[in-house]
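To start, the structure itself, in C-alpha cells.
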C-alpha cells in the first residue's frame with residue numbers, strides 16, 4: 001500500500017469513528033431567508049449582536065445533523081439561533097446566577113415564542129445551571145474567542161471558564177429585560 005493510500009485509509013477510519021467529518025469553522029454559512037409557520041427569518045452577519053431574552057434547551061436529537069451539517073451532540077456546548085451565521089460564537093449569561101459560558105452556534109432555531117432567542121444544547125443548559133427548569137432569562141452576546149477556545153469547543157470541550165457577572169450588572173440586565181417585556 002502506498003503512503004498516500006494509507007493516509008487516505010487512516011483519514012476515512014478516523015472520520016467514521018468520529019461520526020462524520022471534522023467540526024470546522026469554515027466555511028461560514030449565512031443562508032437564504034426561510035419561513036417557519038407565519039414567520040420569515042433572514043439570516044445575516046451581525047458582529048454587534050447583543051440581546052436579552054429567554055433560552056431553552058434541546059438534547060433528544062443527538063446524532064441528527066445540524067443546519068450546518070455537523071452531527072448534533074447533546075453534551076457539547078452548542079446552540080441553535082434563527083439568523084446568526086453558522087458557526088458563530090456567543091457568550092451566554094444566565095440572568096439568575098450571573099454564570100457565563102461560550103457556545104458555538106451550529107444549528108437553526110428556536111422557532112416558537114418571540115421571547116426565546118436561543119436554544120442551547122443539554123450540555124450548555126447544564127453548564128448554565130437551568131436544565132431542570134427548562135428555560136432561563138439570558139443575555140446572548142456575539143464574541144470572537146481566541147483560537148484555543150475555538151478549538152476546544154470544536155472538540156466538544158468547554159472554553160476557558162469566565163467569571164460570573166457582578167450583581168450590579170445583573171440587576172441592570174434584569175431591569176432591561178423586564179422593561180422590554182412590558183412594552184411587548
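Annotations
- Selected residue (criterion: surrounded by the most Cβ atoms within 10 Å (Cβ to Cβ)) from residues of the stretch 83-98 that are touching a helix residue (DSSP H, G or I) at 6+ places or on another chain (Cβ under 8 Å) and part of a loop (DSSP other than H, G, I, E, B): 95
- Residues in the stretch 150-165 that are within 17 Å of residue 26 (Cβ to Cβ), out of contact with any strand residue (DSSP E or B) (no Cβ under 6 Å at 6 or more places or on another chain) and in contact (Cβ under 8 Å) with a residue 60 or more places away in the chain were compared, and the one that is surrounded by the fewest Cβ atoms within 10 Å (Cβ to Cβ) is 155.
- Residue 145 more than 14 Å from the chain's Cα centre (by Cα) and in a loop (DSSP other than H, G, I, E, B): no
- Qualifying residue in the stretch 15-24 (condition: outside any loop (DSSP other than H, G, I, E, B), closer than 23 Å to residue 148 by Cα, more than 16 Å from the chain's Cα centre (by Cα) and modelled with pLDDT under 80): yes
- Pairs with Cβ under 8 Å, 6+ apart, first in the stretch 93-108 and on the phi > 0 side of the Ramachandran plot, second part of a loop (DSSP other than H, G, I, E, B): 98/164; 98/165; 98/166
- Test for residue 176: is it over 19 Å from residue 102 (Cα atoms) and at pLDDT 95 or above: yes
The values are calculated or read from the model by the stated rules, or taken from the named source; none is laboratory data. Just so you know, these numbers come straight off a predicted model, no measurement behind them. Here Cβ is always computed from backbone atoms with ideal geometry, including for glycine, and neighbour counts include all displayed protein chains.
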